[in-house]
1. Could we say that residue 49 is modelled with pLDDT under 90 and either closer than 25 Å to residue 36 by Cβ or not in a helix (DSSP H, G or I) (or both) here?
2. Name the single residue that is modelled with the lowest pLDDT among those in the stretch 70-86 being touching a helix residue (DSSP H, G or I) at 6+ places or on another chain (Cβ under 7 Å), surrounded by 10 or more Cβ atoms within 10 Å (Cβ to Cβ) and assigned to a loop (DSSP other than H, G, I, E, B).
């Protein structure tokens, strides 16, 4: 039998990566995801796949990649070079999510 979780005080954060939100009128719990960056490093296969997907992207999506990889740089040319292996894990994950959405 699972233990019954303790109800946090109103407005307090519950355990894990979610925040418990309690309604005054119904006292029903709603879970709200927090935007916690994924810091799990990409595997070699994920990096290879990400590189292929980036190379096959329509050039109109290049600005979005620049904003993720080099947020303080403006796109000057149509060529962008960076080493996926040297990106921090949270940037690699964000880049992968962006490419998936394109």
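The values are calculated or read from the model by the stated rules, or taken from the named source; none is laboratory data. Just so you know, these numbers come straight off a predicted model, no measurement behind them. Positions of Cβ are generated from backbone atoms using ideal geometry, with glycine treated the same way; all protein chains shown enter the neighbour counts.
1. Details: modelled with pLDDT under 90: no; either closer than 25 Å to residue 36 by Cβ or not in a helix (DSSP H, G or I) (or both): yes.
The answer is no for residue 49.
2. Looking only at the stretch 70-86, we keep the residues that are touching a helix residue (DSSP H, G or I) at 6+ places or on another chain (Cβ under 7 Å), and these are 73, 75, 78, 80, 82, 84-85.
Among the residues that remain, those that are also surrounded by 10 or more Cβ atoms within 10 Å (Cβ to Cβ) are: 73, 75, 80, 82, 84-85.
If we keep only those that are assigned to a loop (DSSP other than H, G, I, E, B) as well, we get 73, 75, 80, 82.
Working: 73: 74, 75: 62, 80: 72, 82: 87.
Checking each candidate, the answer is 75.
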